[in-house]
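Since the structure comes first, as structure tokens, the remarks are kept for the end.
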Amino acid sequence: MRNNIYAYTLDELEDYFIKLNEKKFRAKQVFDWLYQKRVNAFSDMNNLPKNLIEKLEENFDINILTLDMKQESKDGTIKFLFQVRDGHYIESVLMAHQYGYSVCVSSQIGCKMGCTFCASTIGGIVRDLDSGEMVSQVVEIQKLLDKDNKRVSSVVVMGSGEPFDNFYHTMKFIDIINHEKTLHIGSRHITVSTSGVVPKIYEFADMNSQVTLAISLHATTNAVRSMIMPINRAYPLEQLIDAVKYYNQVTNRRVSFEFGLLNGVNDTVEEAKRLANLVKPLLCHVNVIPINDVMETHYEKPKHMKINQFVKVLEKNGINVTIRREKGTDIDAACGQLRAKKGNLKKKENVCQEV
Ligand code: SF4
């Protein structure tokens, strides 16, 4: 299989060209065609010599994602189902906000984390995506926005998969899209979300990156969290909170806690009080996300009154909190839903943690 050209950093492509006895500056030219002019074929790179185009065609693929399905929501959210080169399917989501367009990318095919509200984990994990497959998701969506002269301004790694279970490729992906010769998405406009892989939170903290860290919390007791998020059995709340404290100290940056409200599971006033106590000592923001009802599941969306009550308790305790609405609720926009449908997997409730 040829290499995906989008998996290369500029330095790597320069090294590659040097080894091919080509001039180093050719790498910058190729990057310009890939990321600024966003061509679909090496043969369109008309300032490159013919023999170099032939070498590129021999060694690299430029189109590694095939769009299989696209669903558009009334709220402007667009969900994409792409087929990758080994025949598997991945999802990406484009969301329109007042401040611009964001893309939610998948980091794995499937997921092994087993969160009970998430369709991505049905069938377990197939494999990690490589950095190029992640970059290609953003590039393909940017190409569609190009038609309307619009730009992807932020990226969230919150689609299918646990990014910290695919740490190397996720970090490389971030480096590539952040680079000034590529899509140049600012670090502060990139968010990576983890279900709580504690050792990787320490590693990420030590990188002292400007990229935002989001943590799916969803419960304030080990009993409930372990029930809905099995990762909590490996890394219970105490360890998770210690890791967040370390992250705060090292980076002086706040984390975003995602808290999906599930009726009768984690939506009580007591839970809100526990949440306030848990996060009060931390530099953080809490996103409360009322989860919409989905057929074939026992999870339901809490009533408005309960949502408001929950948020008021947090506000009264001085917690920075925002209510986020799930996007694309009239389509299969939550993570894993479209792929599950494609694979005829049994549909389950799921949370799109995107805000
Ligand atoms: S919520 Fe995230 S970590 Fe949990 S199963 Fe789904 S994709 Fe995996």
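The values are calculated or read from the model by the stated rules, or taken from the named source; none is laboratory data. Remember, predicted model here, so these are calculated numbers, not experimental data. Note: ideal-geometry Cβ built from the backbone for every residue, glycine included; neighbour counts use all protein chains shown.
If you go through segment 235-261 one residue at a time, how many are basic (Lys, Arg) and surrounded by fewer than 16 Cβ atoms within 10 Å (Cβ to Cβ)?
Counting residues in segment 235-261 that are basic (Lys, Arg) and surrounded by fewer than 16 Cβ atoms within 10 Å (Cβ to Cβ) gives 1.
Against the definition (touching a residue at least 24 places away in the same chain (Cβ under 8 Å), within 12 Å of ILE319 (Cβ to Cβ), assigned to a helix (DSSP H, G or I) and in the same structural domain as VAL156 (by TED's automatic domain parsing)), how does ALA276 come out, yes or no? So ALA276 passes the test. The set of residues in segment 34-50 that are assigned to a helix (DSSP H, G or I) and within 20 Å of THR66 (Cα to Cα) comprises LEU34, TYR35, PHE42, SER43, ASP44. For ASN263, are the conditions met, namely being in contact with a Pro (Cβ under 9 Å, 6 or more places away or on another chain) and either within 17 Å of ARG225 (Cα to Cα) or of a type in the set (S, T, N, Q) (or both)? Answer is yes for this residue.
Figure legend. Inter-residue proximity from segment 13-30: first residues closer than 14 Å to PHE42 by Cβ, second residues among the aromatic types (Phe, Trp, Tyr), beta-carbon distance below 6 Å, spacing 6+ or different chains. Indicated pairs: ARG26/PHE17; ALA27/PHE17.
Residue by residue, here is whether (1) away from the ligand (no atom under 16 Å from the Cβ); (2) in a helix (DSSP H, G or I); (3) modelled with pLDDT of 70 or more holds:
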| site | (1), (2), (3) |
| --- | --- |
| LYS301 | yes, no, yes |
| GLY318 | yes, no, yes |
| THR329 | yes, no, no |
| ASP332 | no, no, no |
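Cβ separations smaller than 6 Å between residues 6+ apart or across chains give the following pairs from segment 181-202 residues that are away from the ligand (no atom under 14 Å from the Cβ) to residues that are of a type in the set (Val, Ile, Thr) and assigned to a loop (DSSP other than H, G, I, E, B): SER187/VAL211; ILE190/VAL211. Would you call SER92 closer than 21 Å to GLN142 by Cα, within 13 Å of the ligand (Cβ to nearest atom) and in contact (Cβ under 8 Å) with a residue 12 or more places away in the chain? The answer is no for SER92.
Of the strands (runs of 3 or more DSSP E) contained entirely in segment 57-128, those carrying at least 2 residues that are assigned by TED's automatic domain parsing to the domain that holds MET158 and buried (at least 17 other Cβ atoms within 10 Å of the Cβ) fall at 78-83, 89-97, 100-104, 108-110, 125-128.
Here is a yes/no grid of residues against (1) over 27 Å from ILE231 (Cα atoms); (2) touching a strand residue (DSSP E or B) at 6+ places or on another chain (Cβ under 7 Å); (3) at pLDDT 95 or above; (4) charged (D, E, K, R):
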{"site": "ASP128", "(1), (2), (3), (4)": "no, yes, yes, yes"}
{"site": "GLN142", "(1), (2), (3), (4)": "yes, yes, yes, no"}
{"site": "GLU162", "(1), (2), (3), (4)": "no, yes, yes, yes"}
{"site": "PHE167", "(1), (2), (3), (4)": "no, no, yes, no"}
{"site": "ILE177", "(1), (2), (3), (4)": "yes, yes, yes, no"}
{"site": "LYS181", "(1), (2), (3), (4)": "yes, no, yes, yes"}
{"site": "SER187", "(1), (2), (3), (4)": "yes, no, yes, no"}
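Select from segment 163-172 the residues that are within 16 Å of the ligand (Cβ to nearest atom) and in contact (Cβ under 8 Å) with a residue 60 or more places away in the chain and write down the one among them that is surrounded by the most Cβ atoms within 10 Å (Cβ to Cβ). Step by step, filter segment 163-172, then rank; the result is THR170.
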